[in-house]
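Structure record follows, encoded as C-alpha cells.
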Amino acid sequence: MTNHKLNTGRRRFLKTGAATAMALSAPAILRAEGTGAIRVGMPTILSGVVSILGESSVAGAKLVFDEFNASGGLDGRKIELITRDSRAKPEEAAKAVRDLVNGDGCNIILDAEASSGSFAVQEVIKSIGALCLHTVSEATPLSADPALHAPTAFRSARQGIHDAIGGGAYAAAVAKEKGLKRWATCSPDYAYGRTTTAEFMEYAKYFNSDIEVIGQAWPKLFQPDYTEVITRILQWRPDALYSALWGGDLVSFIDQANLYALFDQTETFSVNLGDYPVLTAVEQLPNGMRSGSRYNKVVPNTPENNAFYDAYVAKFGTLPTNWSWENATAATFVIEALKDVGTDDPVKLAEAIRGRTIASPFGVDGTLTMRAEDHTLTGYAVGYGVTTAEEPFMKDFHTSSWEQILELEADWKKRQGFA
Amino acid sequence: MTRSTTRNALIALAALVVLLALPHLGGGEKLADYIIFAAAWGLLATGLNLLIGYTGLISFGHAMFFASGAYSFGAIMQAQIMPVPLAIVAALIITGAIAALIGAICVRLSEIYFAFLTLAFQMFFHSILLSWVDVTGGDNGLLGGIPTPVFFGVDLNQPEHLYAFCVTVTVLAMYLMHRIVSSPFGFTLRMIRDNERRAIFLGVNVFAVKLTCFVLSAVFSSVGGIILALFISGAYPDFAFWTTSGEAIFMVMLGGLTNFFGPILGALILTGLNDIVVTYTDHYGLFLGGIILLFSLGLRKGVLDFVKPGGRKSTPAQPTADAKEATHADA
Amino acid sequence: MEPAALLDCLTSLSCVVTQTTSGLIIGMLFFLVAAGLTLIFGVLGIVNFAHGAFYMVGAYLAYSAYQVTGSYLVAVLAGGFGAAILGVLFERFAIRRVYGENVLLQLLVCYGFVLVADDLVQIIWGSEYLSMGMPQAFRLPPVFIAGGIVPPFYIFIITVAAVFAAVLWFIIERTQYGRIIRATAVNPTMVSALGIPTPLIYLSVFALGMFLAGMAGGLAAPIRALTPGMGFSVLIVSFVVTVIGGMGSVTGALVASILIGLVRSYGSIGFPLFVDGLMYVMMGLVLVLKPNGLLGRQEASRP
C-alpha cells in the first residue's frame, strides 16, 4: 500500500457519509407499538425508473390504513404496513413475499408489482396461501386464466380487457363522427403494450368496421429517443394514433412529437395520458388529445372522490396516481373483510372478499365489486376524455357502460378458452 | 491424490449433513429460503469464477447461462415430457450447446474485448427472451408455474423436499467444480492465466482448453438458474439482464476470487446484505451502493483473499499485479 | 421486414430529408455522451460504467437551473459544469484509487456510484417524471426542407454537437494539451518522467468527459423525461457506439454515432423490429472482426 494515511482518511470520509445517509433515510418499517398488530406486507418497486409506482402505491394504502388505525383499528388492533423493495425483479418479489409471510408473520399481502412480478407473487401465493391483492398488474391472464387461479388471490387494479372494450367503443364513436379511418399505433414493445394495443384495435374495429390499422410502431421500454418512431408515424399519414406508452416514456414521446407537430395532424388516443404525474410533467400538453381514465379528481366527479384527492395531497404533498387508487381500494377491501371476519385468517378473509361490494370513491356508481367468479375488480371508472392544458386536465369525460364491458368480456373469455 | 479425493468427498458429505440439519435447529423457513437463494447465486458466482479466477477471462455475460438453465428447465417441465432429473440434464445440455457456440466466438478475444463480446451476446439473448413470446412468455416470464411431478419419492412441491434437493444439488455441483480445479485440467487453466505463451510453447491447445472451461463454467452457472427456477416456480427475463451478471461479479469480488469458496461466501454475504437493506430501509441504492463503494475503495480485496493460500497450488492468484499499483502512486 | 417501404423512402426526397435529419439528431446526442466515454477509456484506461449517471445528474441540474433562471443556456452550462465538478470529486476520491487495477474493481466502484447517485437523485428531486419543457425560443413550427420535416430545435442541437465535435478534434489534435493527452494515453510513465503531472491530466480528461455527458443531459432535458435511473439506457447505446467506433477514438465515436443514428432512423422503416438487435449484431461483428473498432488505434499500453 503506497499511501496508508490517505487510505484511512478516505475510509473515515466514506463512513461519515454512510452515517449521514442513514440519518437521512426514513426507516421502512414503523413497527406498531405493542403486540397484536395486523401485519400487511407489500412488495413493490421503490427504486429506479418506475420508483413512483412504489411510492404512490404505498401512499395510497397508507392513507386508508392510517385512517383506520386512527379510528381505533380492529378492536384496538392496528394495521402495520411492511414494504419491501423488489427493484422490479420478479425473483426478489417472490422471495420478499415468502419472507413477509414466513418471517414477518404477514397473513395479508398487497402485491404492488408490475406484471412479471405479479405472476411470480401469484405462484408463491398458490403454494403458501396468504391473502393477496394484486394492486398494480393490469395483465388480463392474472385473473382471467383459470390455470393461474389461486383461491386467496384477488386483483384490485384495472384489467386490460376492460379498458380495451371501453376505449374501443369510444374510439369507434369518435372515428365515425370525424371520419377517422386510417389508424396507426405506437406502444412499448413488451407484453403489456402489445396485448393492450391489439385488444384496443380489435374492439375499435368491432364497433366501427371502417377502421383499418395501417402501421404499428413498437419502441422499446425506457427508450430515450423516439425520433425514428415519430418520423415513421409521419410517413404513414394516419388519421388517428393509438398509444399505450406510459410514464416517463409517454412524457418523452409527447415532448419529442410536439417538435414535429404530430398531434396537430392526427387525432391521438393515449390510454395512459390521463394520470397526474404525466399530465403535470408535460410542459406543452397539446389540447384535445384523448386519454383513458387513470386517476382524476373529477372522474367520477363526486364529493367522495374530491375528498380522497384533497386528503392525499394534504398528507403526502404529491398528486395521487392510478396506482394510488388501486392500492387504496385494496386496503379498503382488507379493512372491510377484517371487520367482517374479526381475525386475519387468510381463508376466511378471502371468503369475505370474494364477491364483496364496497362503497368507494372510485366506483362509477359509488361502489366497487370484487367479482366472485374470477377475483377481479369491476365497477371502477373506465372511459375516455379530452385533455386540457389546465387543471383538472380532463373535460368531456365519457364513462363507458359496464353492462357493455361485461357482456363483451364474457364473449372474449370464451374465445380465449378462459371460460 | 486418492487420499485427498476421499477426504474432500467426506468434507462435502459433512457439509451436506450440516446444511440439511440447519433449518431444523432454528431459523425455519426463512433460513431455508435464504440458503436456497444464496445457493443459486453461489453456483452462478462459483461457475463464473472458473473463468475469472482460474482462467483470467472476465465474462460480463454469465447471466445468460443462468437464464438458459432456468428457462430450458422450466419450459421442459411445463411441456411435461420428462421427469425432473432428466429435465435438469437436458437443460444442462442445452446450456452447454449454447455456451459452446458463443464460447467458440468469444474465447479468441482477450481482456476487455472478451468482456464486451460476452456482454453483447447477453443483451442479444435477453432481447430474444423478451421477443420470443411463444416459448419464453416474453416479459411475463414462464407463466403458470413450473410443475414438478414426484420422482423417486421426492416431491418438490413440499418445502422440506425442495430444500433438501436444492442443497444436495448445490453441494454436488460444488464438489464437482472442486474436483475440476484440482485436476490436471485445472492446473492447465491456471497456467494459461499466468502465462498463456508458456502454455502454447508446452503444446497446450489454448483455444480448446479455454472453450472447455467456458462451457463448464456456463453449465455450472446454469445449475444455479435451475435452482432459482425451482424455488420461485418460474423464470423471468431479468435472469439474463446484465445486472444479474453484475451482482454475480460482485459476489466473486466480495468473497474473494483467489479462493475456491470465495464466490459462494460472497453470495451468502450479498444475499444477506440485500435482505437486511431491503428489510430496514427503502433506500436500497444508497446503502448497497455505499457498501460497494466502501468495499471496493477500502478493502479492495475479497474476504477470503486475506486468507493466505496455504501452500496449495490449486489456489488461483489475483489477476491484478501488485507491481502495476506501485507505478501508479496517488498524488 | 418492409424492404419496399425502405425503397419508397429512399426514392422520395422528402423522406430522405426527414429520416437523415432524424438519424443525425439521434446520433449527435449519443455522440456527446459517447465522446467522453471513449476519451476516458483511451487516456485513463477506465471503462466508466458511471457515465450514464453523470448524464442523469446533468439533466437534473439543468432542470433545476432552468426552473430558477428560465434560461436554457444557463441550464445547459449548469448541467455540464455541475457534472464536471461531480466528476472531479469522483475521480479524486474514487476512480483514482483504482487506476491500473483489476477491471472488476473499477466496475464495482462505478456500479456503487450509480446505485448511490440514482437513489440520491430520487431523494432530492423525487420519483415523479420531470420535463423541462421546450424553451420559448424554440417553440416554433417545424420547417419543411424539400418536403422533409425538420424541427428547428433539432437543427440547433445538431449544430451544437457538431461544434463540440470540431472543438474536441481541435483540442486533441492541434493543441499542446491534446498532444500531452495523446502521449499520456500511449505512455504515461514517459509523460510523467518529462515532468508533466499525469494525475492532473487524468483529472482534467475525466472532468472533460463528465462535462460532455452532463451537457448532453442538459441539452436533451427539454425532450426527454427525467427519472431516477434514466442514465442507464443512454449508457448502453453509448457503449455500443464506443465499441463500434473503437475504444479510445473520438473520431470513431462520431462516425459510429451517426452510423447508429442512421441505422435507427432508416431501420425503423425497413426493419422496425430488428433495429435494436442490429445494433448488438454490429457490435458483435466489430468485436470479432476488428476488436479495436472501426477507427480504433492498435493496442496501447494503459496507465
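The values are calculated or read from the model by the stated rules, or taken from the named source; none is laboratory data. Given the structure is predicted, the values throughout are model-derived calculations rather than measurements. With ideal geometry, Cβ positions are generated from the backbone for all residues, glycine too; neighbour counts draw on all protein chains shown. Each accessible area value is taken on the protein alone, full model and side chains, heavy atoms only, with ligands, DNA and RNA left out. Shrake-Rupley method; radii C 1.70, N 1.55, O 1.52, S 1.80 Å.
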Minimum 30 Å² accessible area buried by the other protein chains, region A:181-218 residues, probe 1.4 Å, relative to alone: A:191
Separation in nanometres of the label points that stand 7 Å from Cα toward Cβ, at residue C:67 and residue C:123: 1.8
Inter-label distance for residue C:278 and residue B:14, nm, one decimal - labels placed 7 Å from Cα along Cα-to-Cβ: 6.2
GNM result for chain B, Cα springs below 10 Å: residue of B:113, B:175, B:280 fluctuating most strongly: B:280
Whole-Hz couplings from phi, Karplus 6.51/-1.76/1.60, listed for region C:17-32; x for Gly and Pro: 4, 4, 5, 5, 5, 5, x, 5, 5, 4, x, 5, 5, 5, 4, 4
Summed buried accessible area for A+C [probe radius 1.4 Å, Å², rounded to 100]: 3700
Given charges at beta-carbon only (K, R positive; D, E negative), |dipole| of region B:14-305 in Debye: 1040
Filter on A:205/A:395; A:126/A:414; A:95/A:339; A:62/A:89; A:205/A:297; A:220/A:395 - keep pairs with C-alpha separation over 27 Å: A:95/A:339; A:205/A:297; A:220/A:395
Other-chain or far-sequence residues with amide H under 5 Å of residue A:400's (modelled H): A:382, A:383, A:384
HN-Hα J in Hz across region C:137-154 - Karplus 6.51, -1.76, 1.60, θ = phi - 60°, x for Gly and Pro: 4, 9, 7, 10, x, x, 9, 10, 10, 6, x, x, 9, 9, x, x, 4, 6
Degrees, to the nearest 10: A:402-416 long Cα axis against longest axis of chain A: 90
FRET efficiency for residue B:93 and residue C:143, using Cβ-Cβ distance with R0 set to 56 Å, rounded to 0.05: 0.40
Computed P(r) (all Cα pairs; region B:14-305; 5 Å bins; percent): 1, 6, 12, 16, 18, 17, 14, 9, 5, 2, 0, 0
Highest-fluctuation residue, B:110, B:221, B:182 considered, GNM on chain B with Cα pairs under 10 Å: B:110
Residue A:241 long-range amide H proximity, modeled H, under 5 Å: A:184, A:267, A:268, A:269
Interface residues in region A:102-118 - accessible area drops by 40 Å² or more relative to the isolated chain, probe 1.4 Å: A:102, A:116
Two-site FRET efficiency, residue B:183 against residue A:147, from Cβ-Cβ distance with R₀ of 41 Å, rounded to 0.05: 0.30
For residue A:273, distant residues with modelled amide H under 5 Å away: A:292
Full-extension gain in nm, residue A:354 to residue A:301, via 0.36 nm per residue minus C-alpha separation: 16.3 nm
Residue B:30-residue A:391 pseudo-label distance in nm [points 7 Å out on the Cα-to-Cβ vector]: 4.5
Förster radius 35 Å - calculated FRET efficiency between residue B:196 and residue C:167 (Cβ-Cβ, nearest 0.05): 0.25
Additional length obtainable on full extension of the chain from residue C:190 to residue C:93, 0.36 nm per residue less Cα span: 32.4 nm
Relative contact order %, region B:38-193, counting alpha carbon pairs below 8 Å whose residues are six or more apart: 31
Karplus (6.51, -1.76, 1.60) ³J(HN,Hα), θ = phi - 60°, over region C:189-204, in Hz, Gly and Pro reported as x: 5, 5, 4, 5, 5, 7, x, 8, x, 4, x, 5, 4, 4, 4, 5
Accessible surface, chain A, averaged per residue in Å² (probe 1.4 Å): 34
Accessible carbon and sulfur surface of region B:14-305 relative to its total accessible area, %, 1.4 Å: 71
Å² per residue, accessible surface of region B:14-305 at 1.4 Å: 34
Environment charge of residue A:246, counting only residues whose C-beta is closer than 11 Å and scoring Lys/Arg +1, Asp/Glu -1: -2
Net length gained if the chain between residue C:156 and residue C:7 were fully extended (0.36 nm per residue, minus Cα distance): 50.7 nm
Buried accessible area, chains C and B (both chains, 1.4 Å probe, Å² to nearest 100): 4000
Within the accessible area of region C:1-68 (1.4 Å probe), percent carbon and sulfur: 69
P(r) weight above 37 Å for chain C, C-alpha pairs, percent: 15
Chain B, relative contact order [Cα under 8 Å, separation at least 6], %: 31
Of all DSSP beta bridges in the protein assembly as shown, antiparallel share, percent nearest 5: 40
Inter-chain Cβ neighbour average for residues C:236-243, partner chain, 10 Å: 3
Listed peptides B:59-67, B:165-173, C:170-178 by packing density, highest first (mean Cβ within 10 Å): B:59-67, B:165-173, C:170-178
Where region C:151-277 is the region considered: accessible area per residue in Å², 1.4 Å probe: 31
Contact surface A-B: accessible area buried, both sides summed, square angstrom, 1.4 angstrom probe: 3700
Percent accessible area from carbon and sulfur atoms, region A:247-376, protein chains only, probe 1.4 Å: 47
Choice from B:30, B:301, B:210 with maximal GNM fluctuation in chain B (Cα, 10 Å cutoff): B:30
Shielding of B:271-283 by partner chains, average beta-carbon count, 10 Å: 6
Residue mean of other protein chain beta carbons inside 10 Å, C:19-27: 4
Protein-protein interface of region A:221-240, residues with accessible area decrease of at least 10 Å², isolated chain reference, 1.4 Å probe: A:222, A:223, A:224, A:225, A:227, A:228, A:231, A:232, A:234, A:235
